[in-house]
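The values are calculated or read from the model by the stated rules, or taken from the named source; none is laboratory data. All values reported here derive from a predicted model rather than from experimental measurement. When we count neighbours, we look across all protein chains shown, and the Cβ atoms used for this are built from the backbone with ideal geometry, even at glycine. Ligands, DNA and RNA are stripped out before the accessible areas are found, and what is left, the full protein with its side chains, is counted by its heavy atoms. Shrake-Rupley method; radii C 1.70, N 1.55, O 1.52, S 1.80 Å.
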Amino acid sequence: MTYLIFDLETTGLSPSSEDIIQIAGIKVRAGQWHQGERFETFVRPTKRVPSFITGLTGIAHHQVAGAPEAPEALRAFSEFAGDATLIAHNGQRFDMPFLRQSCLRYGLPVRPVPFVDSMAFSRKLWGGRGGHGLDAVISRLGLSVEGIRRHDARGDVELLAQAVGKMWHQLTPDVLACPVTVGEGALAAVA
DNA sequence: GCTAGGCAGGAACCCCTCCTCCCCT
């Protein structure tokens, strides 16, 4: 089974009014979380990147102004994904709605894809104890963030891939059976 | 120097509805 750990950076929280500005992903085979094929692109937004987003992500407007527009980036990402199962942290509530809404906004047909929210791994391992945000997960697993830029999609997927690998291993020795429920998401349909 | 949208999960309660809080940028 192939998995695609991915992360989005956006101009804000609302899928209906904000734009995706960066997509990054690492495609891995279950059990081989440290080596994978990478995807990364900036995405040209329809409005200026707010200063607080630049402060948070390190992504400035000039970096995305000449980037591919959303439809091109969404199709490229979907082609890269292929038949992989997608994984994102809090993706059920954030990344997946953003991808779906972006496709809708640009009139792109979508296709269903298997999807797992990595927060489910954390809930299953640690239940109600503490938080399940990426920072809490990283801290509990003792992952090093040295040399990794948090809130840059490339850095976050790197950390998330390591985190999912560790959590999976702690939940089951079986690298083939996903220990949490696999749901459904949507990506742009590819011709 | 700062904001915002909405789901999942839990509580209370009897099967839905409401509420609160998390978590993403």
All conditions in (1) free of Cβ contacts under 8 Å to residues at least 40 places away in the same chain; (2) near DNA strand B (Cβ under 9 Å from one of its atoms); (3) under 26 Å from A:Ser14 (Cβ atoms) are true of A:Gly130 except (3)
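Condition (residue is within 12 Å of DNA strand B (Cβ to nearest atom), under 12 Å from the mean Cα position of the chain (by Cα) and open to solvent by less than 50 Å² (accessible area, probe 1.4 Å)) applied to segment A:23-41: is it met by at least one residue? Lay out the reasoning, then the answer.
First, the residues of segment A:23-41 that are within 12 Å of DNA strand B (Cβ to nearest atom): A:23-24.
Now drop any that are not under 12 Å from the mean Cα position of the chain (by Cα), which leaves A:23-24.
Filter once more, keeping what is open to solvent by less than 50 Å² (accessible area, probe 1.4 Å): A:23-24.
Among the residues of segment A:23-41, at least one is within 12 Å of DNA strand B (Cβ to nearest atom), under 12 Å from the mean Cα position of the chain (by Cα) and open to solvent by less than 50 Å² (accessible area, probe 1.4 Å), which makes the answer yes.
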Report yes if some residue within segment A:142-158 is among the hydrophobic types (A, V, I, L, M, F, W, C) and in contact with a strand residue (DSSP E or B) (Cβ under 9 Å, 6 or more places away or on another chain); otherwise report no. yes
If you scan segment A:101-112, which residues turn out to be within 16 Å of DNA strand B (Cβ to nearest atom) and either within 10 Å of A:Leu74 (Cα to Cα) or outside any helix (DSSP H, G or I) (or both)? A:Ser102, A:Pro112
Among the numbered conditions (1) among the polar types (S, T, N, Q); (2) in contact with a Pro (Cβ under 6 Å, 6 or more places away or on another chain); (3) away from DNA strand B (no atom under 12 Å from the Cβ), tell me where A:Thr11 comes up short. (3)
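How many residues does segment A:50-79 contain that are among the aromatic types (Phe, Trp, Tyr) and either in a loop (DSSP other than H, G, I, E, B) or surrounded by fewer than 20 Cβ atoms within 10 Å (Cβ to Cβ) (or both)? Step through it out loud before you land on a result.
Pass one, segment A:50-79, residues among the aromatic types (Phe, Trp, Tyr): A:52, A:77.
Filter again for either in a loop (DSSP other than H, G, I, E, B) or surrounded by fewer than 20 Cβ atoms within 10 Å (Cβ to Cβ) (or both), leaving A:52.
Qualifying residue count, segment A:50-79: 1.
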Can you say whether A:Lys47 is within 15 Å of DNA strand B (Cβ to nearest atom), more than 16 Å from A:His151 (Cβ to Cβ) and basic (Lys, Arg), as far as the supplied structure shows? yes
Inter-residue pairs, beta-carbon under 9 Å, first over 15 Å from A:Ala153 (Cβ atoms) and of a type in the set (A, V, I, L, M, F, W, C) and in segment A:8-35, second part of a loop (DSSP other than H, G, I, E, B) and open to solvent by less than 20 Å² (accessible area, probe 1.4 Å), 6+ apart: A:Val28/A:Ala84
Tally the residues that are within 14 Å of DNA strand B (Cβ to nearest atom), touching a Leu at 6+ places or on another chain (Cβ under 8 Å) and touching a residue at least 60 places away in the same chain (Cβ under 8 Å), restricting the search to segment A:135-162. 4
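Consider segment A:111-137. How many of its residues are open to solvent by less than 70 Å² (accessible area, probe 1.4 Å) and within 26 Å of A:Asp83 (Cα to Cα)? First the steps, then the outcome.
Taking segment A:111-137 first, the residues open to solvent by less than 70 Å² (accessible area, probe 1.4 Å) are A:111, A:113-122, A:125-127, A:130-134, A:136-137.
Keeping just the survivors that are within 26 Å of A:Asp83 (Cα to Cα) gives A:111, A:113-122, A:134.
Residues that pass the stated criteria total 12.
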Criterion violated by A:Glu18 - all others in (1) crowded, with 22+ Cβ neighbours inside 10 Å; (2) in contact with a Ser or Thr (Cβ under 6 Å, 6 or more places away or on another chain); (3) farther than 21 Å from A:Val137 by Cα satisfied: (1)
